[in-house]
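What follows draws every value from the coordinates through simple rules; no lab data is involved. Here the structure is a predicted model, which means the values were calculated and not measured. Heads up, the Cβs are rebuilt from the backbone with ideal geometry, glycines too, and the neighbour counts pull from every protein chain shown.
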Amino acid sequence: MANELLNEMDVVALLSDLPQENLIAGHTGAVVYVHNGAEAYEVEFFSSSRRSTVVTVRRDQLLKLKGLPDVRIGAA
């Protein structure tokens, strides 16, 4: 659902390339901060070299991935 709000710790996939950040569509990451009104999200992406990049991304640039295990601390 494209209009579904995202929450911190949700796993997402990038829908469009972000060449200035060396990220391409399909790259996965985790939401680490939700801006007021969910206008934008801070998402942490990891590269194959184990480096992370935090990028501000609009909702329409993200796809929420479902069916993944809940890895939050204390999650049942």
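With r as the distance between the Cβ atoms of residue 9 and residue 60 and R0 = 30 Å, compute the FRET efficiency 1/(1 + (r/R0)^6) and round to 0.05. Before the final figure, lay out each step's value.
Values: r = 20 Å, r/R0 = 0.68.
With a Förster radius of 30 Å, E is 0.90.
Given an 8 Å cut-off on Cα distances and at least 6 residues of separation, report the relative contact order of the range 11-64 as a percent.
On the way: 101 pairs, mean separation 18.4, N = 54.
Once divided by the residue count of the range 11-64, the mean separation gives 34 percent.
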